Structure formats: C-alpha cells, structure tokens
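**Student:** Provided herewith is a single structure, encoded as structure tokens, for subsequent inquiry.
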Amino acid sequence: MKLFLNTTSPYARIVRISFEEKIGNDVPGELVDPWADAPALLEVNTAARVPVLVTDEGVTLTESLLIVLWLERQRPGPSLIGESATRTIAEAGVAMGIIDAAVHTLIGRKITDAGFDEAPVGLRRRRSMVNGLLKLEQDAPEFETGTPDLAAITAVVALDYVRFRFPNAGWMPPLPRLDALQSRLSSRPSFERSVPRS
C-alpha cells in the first residue's frame with residue numbers, strides 16, 4: 001500500500017492515525033504538494049487532493065473518511081467506530097465540519113488575500129470553526145485507554161489543525177475538555193508522528 005499525503009493535511013492525518021491505531025504502524029507514504037499538481041498525485045487522483053491510498057491490489061481510494069471506512073472493513077478490530085456508532089459518527093461529523101471550515105478559509109486566502117478572513121464568507125467559516133469547537137467542548141469525545149475512536153481522532157486533529165493554521169487567534173474560545181483530550185492522546189505514537197508541520 002502507499003498513501004499520498006502532505007505533512008499539513010488534516011485529512012491525511014486522520015488516515016495516518018487510523019492506520020497506526022489499527023495495524024500498529026504508519027502506512028508507507030509519498031509526500032506530495034497538492035497545490036503544485038504533482039504528476040504522481042494527478043495520476044492517482046485527478047482532483048489533486050490528499051489523502052489517496054493505493055491498495056496492494058492497485059485500487060485507488062480517495063477521501064479520508066472513505067479510506068477509514070475501507071480500513072474498518074478490512075480490519076474490524078480494534079474498531080474505530082466504538083460501541084456507540086451513532087455518537088461516534090455524529091461527533092466526527094462536527095469535527096470534520098471544523099476541519100472543512102479551516103481548510104476553506106486557507107483556500108479563500110489563496111484565491112483572494114488575507115482580507116478574506118474578515119469578508120462575509122470568511123466570517124461565516126470562522127463562526128463554523130468556533131461553534132463546532134464549542135459543540136465538541138460541550139460533548140467532548142471520551143478516551144481513557146485502548147484505541148481512540150474516530151470521534152476522538154477527528155476532534156484532536158481538528159483542534160490541532162485550527163491552532164496550527166490560526167496561531168494566536170483572538171477568536172479561539174477556551175476549550176479545557178478538548179485540551180484534556182488532546183493531552184491524553186498527544187503522546188500516542190500515531191498522534192505524535194503526524195503532528196502538522198510546515
């Protein structure tokens with residue numbers, strides 16, 4: 001298998017963490033720059049987005065949650081869905097909304113300029129990030145021991161990504177419960193090795 005990724009993509013990070021938590025090691029990866037239309041990436045994904053997983057059979061899988069779904073079917077244990085699938089999927093959906101809002105804010109900046117953040121669409125995306133984080137804070141995913149579920153994985157990835165991309169943002173609310181979750185998971189090898197780096 002080979003995973004096409006970049007070191008800052010929260011979507012690729014979700015896949016990397018999921019693989020390591022389920023099979024005990026990271027999947028072999030190829031670093032690519034989606035903005036540069038890397039030929040190797042375009043060959044496996046015409047949308048030029050990461051992550052892309054090429055299976056041992058040569059099948060190309062795209063979109064982080066679909067890759068995790070495939071992985072869950074291939075290796076049912078340990079489960080990333082946990083005992084309460086509805087709760088896990090609902091919480092992961094909130095976290096994915098935060099990630100999407102953050103990524104689309106950065107894309108908006110590339111298309112226009114840094115003033116995008118204060119434009120109506122930029123402010124709406126910021127509101128989505130803040131409200132999503134507050135929702136996760138209120139219903140913080142649980143993790144004590146064992147394998148973190150997809151809700152905990154995506155919550156920490158969302159929190160880390162927003163803080164990575166918007167350092168010192170005055171609009172970030174206090175998030176003590178999410179910070180506690182992040183602290184419990186940050187020392188796990190899957191999280192530690194995949195922390196976003198520029």
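**Student:** Report yes if E43 is surrounded by fewer than 21 Cβ atoms within 10 Å (Cβ to Cβ), free of Cβ contacts under 8 Å to residues at least 40 places away in the same chain, within 22 Å of V156 (Cβ to Cβ) and among the acidic types (D, E), otherwise no.
**Tutor:** Against the criterion (surrounded by fewer than 21 Cβ atoms within 10 Å (Cβ to Cβ), free of Cβ contacts under 8 Å to residues at least 40 places away in the same chain, within 22 Å of V156 (Cβ to Cβ) and among the acidic types (D, E)), E43 does not qualify.
**Student:** May I pose another question? In the stretch 30-51, how many are farther than 17 Å from F19 by Cα and either part of a helix (DSSP H, G or I) or acidic (D, E) (or both)?
**Tutor:** Of the residues in that region, 11 qualify.
**Student:** While we're on this one: Name the residue that is surrounded by the most Cβ atoms within 10 Å (Cβ to Cβ), counting only residues in the stretch 95-120 that are closer than 15 Å to S64 by Cα and among the β-branched types (V, I, T).
**Tutor:** Applying the first criterion (closer than 15 Å to S64 by Cα) to the stretch 95-120 yields 95-100, 103.
Among the residues that remain, those that are also among the β-branched types (V, I, T) are: 98-99, 103.
Numbers: I98: 26, I99: 23, V103: 17.
My answer is I98.
**Student:** Which is surrounded by fewer than 16 Cβ atoms within 10 Å (Cβ to Cβ) and within 22 Å of R13 (Cα to Cα), of P148, P167, P174?
**Tutor:** P167
**Student:** Would you please name the residue that is nearest to A152 (Cα to Cα), looking only at residues in the stretch 106-138 that are of a type in the set (S, T, N, Q) and modelled with pLDDT of 95 or more?
**Tutor:** Among those residues, the one meeting the criterion is Q138.
**Student:** Here's something else I'd like to know. From the set of residues in the stretch 2-43 that are touching a strand residue (DSSP E or B) at 6+ places or on another chain (Cβ under 7 Å) and among the small types (G, A, S), which is farthest from L185 (Cα to Cα)?
**Tutor:** That would be A40.
The values are calculated or read from the model by the stated rules, or taken from the named source; none is laboratory data. Note that the structure is predicted; figures quoted are calculated from it, not measured. When we count neighbours, we look across all protein chains shown, and the Cβ atoms used for this are built from the backbone with ideal geometry, even at glycine.
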